[in-house]
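Taking it in order: structure first as structure tokens, then the write-up.
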Amino acid sequence: MRLGPLIPCELFGRVQISPVQRVIEIDSASNTRRPVPVTASGDVIISADALATIQSQMVIVIACMDEDVQVIEGVLSGIPHDCLVIIVSNSSRSPVDNYGAEVALLEEFCAVTQRAAMIIHQKDPEAAEAFRQAGMPELVSSSGTIHPGKGEAMIIGMALAALTKRKYIGYVDADNFVPGSVNEYCRVFAAGLYAAKSPRAMVRISWNSKPKVRDGRLCFDKRGRSSIVVNEWFNKLLNEYTDDPNSELIVTGNAGEHAMTLELGLKLRLAGGFAIEPYELLNILEQYGKSTSKPSPAATMLPAKAGVPMTAQATPVGPPVPSLARSDSGIVQVLQIETRNPHFHDSSKGEGHVRRMQMQGLNVLYHSPLTPKALRAELAKFMEDQEDLLSGERPPCAQIYPPVGNLDFGVFFDLLTSNSTSFRQFLPESMPMEASLISRL
Ligand code: GDD
């Protein structure tokens with residue numbers, strides 16, 4: 001894969017958020033024909049071998065809820081063979097057992113392809129109990145099951161991913177209609193995580209387009225309706241901390257498809273529902289945005305007006321990076337990468353669904369300790385004008401969970417593997433039947 005230049009922006013304390021990079025070639029020349037991974041123009045070339053190395057250390061989590069199994073099968077077909085798949089399902093079990101159909105699909109897929117995968121149901125009470133006893137009671141509702149929500153499903157996926165001891169986790173929605181897009185997302189995850197030098201890195205996908213049908217014609221809209229609004233307010237927040245008042249650095253505030261090193265993921269506080277994606281970015285800034293050189297008086301605050309230009313058009317700082325050797329300099333890198341394929345997904349969930357997603361993203365921005373008072377007021381006014389809030393009402397707080405890395409993984413593993421009724425693992429024939437994809441940490 002060949003990506004456009006990775007422009008480092010030393011912006012917010014220890015957080016480097018790079019302007020969007022484009023995929024230039026999905027399948028580029030191998031390292032043999034082009035020995036330097038970074039070209040004179042700054043393009044980054046990631047060989048097939050390098051991609052494969054990262055993929056063999058990557059877990060892909062698919063959160064699903066009553067998608068057509070044929071669509072899920074398409075998603076599975078797009079995930080590179082060496083990635084380990086974890087499906088976290090909140091699908092109905094009666095009157096029609098959609099979860100049973102998903103288990104059967106995954107079993108068949110793994111048997112045919114000889115690959116490994118896991119599946120679990122979000123409403124499994126024993127899984128909930130495992131989380132409760134392992135130190136995350138917040139995840140469990142009064143009815144004794146894990147709260148519904150996409151964010152909650154992703155947290156379950158991250159806890160299981162940690163038990164696999166793999167290094168990377170990526171998230172892909174189950175309602176992706178085009179397997180080739182899924183394949184490109186996973187390759188981009190691997191390419192970005194390879195290109196990132198830090199062991200604490202995140203790659204967020206910016207879709208090339210999110211097509212919609214209008215008046216019988218396919219329109220290749222550049223951005224999703226909720227994303228436009230959430231990105232705009234995210235940028236307003238970041239602009240409070242830079243000299244450029246009009247930067248549009250953030251294009252992936254809502255990125256459903258994204259990946260990160262587990263080293264980073266396990267340290268992040270994660271939000272429930274659809275707040276999860278914007279809150280990941282916010283929490284990175286809240287935790288790592290503090291300046292190490294000039295600590296700000298308010299411990300939570302980023303160094304205001306850091307003084308480094310951060311426009312998407314910024315020119316590379318200094319010469320191209322000569323090598324991609326990893327260095328643990330304490331930096332958290334956030335890469336935003338624009339893919340080539342259009343993102344076709346189930347867009348029939350209605351305006352109310354889009355507005356709810358947007359609200360959940362704006363709520364976490366409103367409540368962040370990074371958001372100055374005046375911006376908070378401006379945001380509340382916007383939400384009132386949109387009729388998402390009554391005059392004078394405060395936006396509701398999202399459910400924010402402690403880092404998954406705080407779990408007692410020994411307790412979690414023991415309870416899950418002994419008691420869970422929905423958790424299933426599928427192994428290739430090359431592994432002994434009694435083998436397990438997860439183990440006590
Ligand atoms: N397990 C589980 N539990 N999965 C869920 C739940 C849940 O409670 N809620 C949603 N999902 C799954 C869906 O089944 C789907 O595969 C995926 O999460 C995305 O949910 P959608 O409801 O289809 O969201 P969307 O496609 O409209 O929005 C996507 O794009 C947004 C950005 O435009 C999502 O990825 C959002 O998170 C993202 O912000």
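Values for this structure:
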item	result
Pairs with Cβ under 7 Å, 6+ apart, first in segment 155-171 and within 15 Å of A130 (Cα to Cα), second within 16 Å of the ligand (Cβ to nearest atom) and polar (S, T, N, Q)	I156/Q122
Within segment 401-422, tally of residues that are under 30 Å from P278 (Cβ atoms) and either crowded, with 16+ Cβ neighbours inside 10 Å or not charged (D, E, K, R) (or both)	11
Among residues of segment 416-437, those that are of a type outside the set (S, T, N, Q) and over 18 Å from I86 (Cβ atoms), counted	4
Residue in segment 171-178 that is more than 9 Å from the ligand (Cβ to nearest atom) and small (G, A, S) present	no
Pair list, Cβ < 7 Å and 6+ apart or interchain, from segment 344-368 residues that are over 15 Å from E232 (Cα atoms) and in contact (Cβ under 8 Å) with a residue 12 or more places away in the chain to residues that are of a type in the set (K, R) and more than 11 Å from the ligand (Cβ to nearest atom)	S347/K212
One residue from A398, A435 being surrounded by 17 or more Cβ atoms within 10 Å (Cβ to Cβ) and not in a helix (DSSP H, G or I)	A398
Some residue of segment 116-136 being out of contact with any Pro (no Cβ under 6 Å at 6 or more places or on another chain), touching a residue at least 24 places away in the same chain (Cβ under 8 Å) and among the basic types (K, R)	yes
Residue count, segment 183-223 (criterion: in contact (Cβ under 8 Å) with a residue 24 or more places away in the chain and acidic (D, E))	1
Condition met for V103 (in a helix (DSSP H, G or I) and within 16 Å of the ligand (Cβ to nearest atom))	yes
A116 being exposed (fewer than 14 other Cβ atoms within 10 Å of the Cβ), under 20 Å from I438 (Cα atoms) and away from the ligand (no atom under 12 Å from the Cβ)	no
Tabulated pairs, segment 49-68, first within 16 Å of M154 (Cα to Cα), second within 16 Å of the ligand (Cβ to nearest atom) and of a type in the set (K, R), C-beta under 9 angstrom, 6+ apart or interchain	A63/K150; M65/K150
Residue list for segment 1-41, restricted to those being at pLDDT below 80, basic (K, R) and closer than 25 Å to F234 by Cα	none
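The values are calculated or read from the model by the stated rules, or taken from the named source; none is laboratory data. Note that the structure is predicted; figures quoted are calculated from it, not measured. Glycine gets a Cβ as well: all are built from the backbone with ideal geometry, and neighbour counts include every protein chain shown.
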